[in-house]
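These notes are about the structure you will find just below.
The values are calculated or read from the model by the stated rules, or taken from the named source; none is laboratory data. Keep in mind it's a predicted model, so treat the numbers as computed, not measured. Glycine also receives a Cβ, built like all others from the backbone with ideal geometry; neighbour counts cover every protein chain displayed.
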Amino acid sequence: MTRIFAIVLLLAQASATKVLPVTDVKASDIQATVKEEIAKKLTDVPIRTVDAGGHNISIAVVHRDNGTNLTGMAAHDKVSEVYYIVEGSGTFVTGGTLVKPQKRESSSDTVKQLSGPGYAGTGIQGGTSRRLSKGDMVIIPAGTPHGFTDVQEAITYTIVRIDPSRLLALK
């Protein structure tokens, strides 16, 4: 009898779960965002940020020109990221320790719309370098220092951000 009650309770809870709408991010959305980034000299533009039931998920796209040597590194306190390289290649560093970490202002657009609270640094000490190129993916857990140190050829990548604290503004 107890087992039957437990099954009925689970079924009742499952049927009470709110079904959320599916969100499409079309290739045309990504391409249009890249064109806007290039024209306006922007970096890291969110395309959609949605309520995914208990957490937010954001899709953004980044384009960086070739020959770019970057010194801006980051670590996000609560938001994990997944990068997918659409075009190009670059040297990407993860782990280690941020050099000269500066806490991001909670009122900044970076915190509210892109990656949540965290730190920016001028480099990474003791991290692991690897070359990322078209078709590669990398998962960056929250709290992990990361960033590109060199872009060998113009690179475009999408970022999926998992925001369990629902800090990022919905879009």
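Structure notes:
The rows are residues; the columns are (1) closer than 12 Å to V160 by Cα; (2) out of contact with any Ser or Thr (no Cβ under 9 Å at 6 or more places or on another chain); (3) free of Cβ contacts under 8 Å to residues at least 12 places away in the same chain.
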{"position": "H55", "(1), (2), (3)": "no, no, no"}
{"position": "K78", "(1), (2), (3)": "no, no, no"}
{"position": "V82", "(1), (2), (3)": "yes, no, no"}
{"position": "S89", "(1), (2), (3)": "no, no, no"}
{"position": "V93", "(1), (2), (3)": "no, no, no"}
{"position": "K103", "(1), (2), (3)": "no, yes, no"}
{"position": "M137", "(1), (2), (3)": "yes, yes, no"}
{"position": "I140", "(1), (2), (3)": "yes, no, no"}
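- Filtered residues of the stretch 90-111 (kept if of a type in the set (K, R) and loosely packed, with under 14 Cβ neighbours inside 10 Å): K100, K103
- Contacts under 8 angstrom Cβ, first residue in the stretch 29-49 being under 17 Å from I155 (Cβ atoms), partner outside any helix (DSSP H, G or I) and basic (K, R), 6 or more apart: T43/R64
- The set of residues in the stretch 61-70 being of a type outside the set (D, E, K, R) and surrounded by 14 or more Cβ atoms within 10 Å (Cβ to Cβ) consists of V61, V62, H63, T68, L70.
- Qualifying residue in the stretch 47-60 (condition: out of contact with any Gly (no Cβ under 8 Å at 6 or more places or on another chain), under 20 Å from D136 (Cα atoms) and exposed (fewer than 14 other Cβ atoms within 10 Å of the Cβ)): no
- The condition (being in contact with a strand residue (DSSP E or B) (Cβ under 7 Å, 6 or more places away or on another chain), modelled with pLDDT under 90 and surrounded by fewer than 18 Cβ atoms within 10 Å (Cβ to Cβ)) is satisfied by just one residue among L20, L42, L10: L20.
- Residue ID - nearest to Q152 (Cα to Cα), chosen from residues in the stretch 96-137 that are among the basic types (K, R) and out of contact with any helix residue (DSSP H, G or I) (no Cβ under 6 Å at 6 or more places or on another chain): R131
- Residues of the stretch 125-171 that turn out to be assigned to a strand (DSSP E or B), buried (at least 19 other Cβ atoms within 10 Å of the Cβ) and of a type in the set (A, V, I, L, M, F, W, C), as a count: 6
- So T122, is it among the polar types (S, T, N, Q), closer than 23 Å to E105 by Cα and surrounded by fewer than 20 Cβ atoms within 10 Å (Cβ to Cβ): yes
- L132 closer than 13 Å to L168 by Cβ and either within 11 Å of the chain's Cα centre (by Cα) or at pLDDT 95 or above (or both): no
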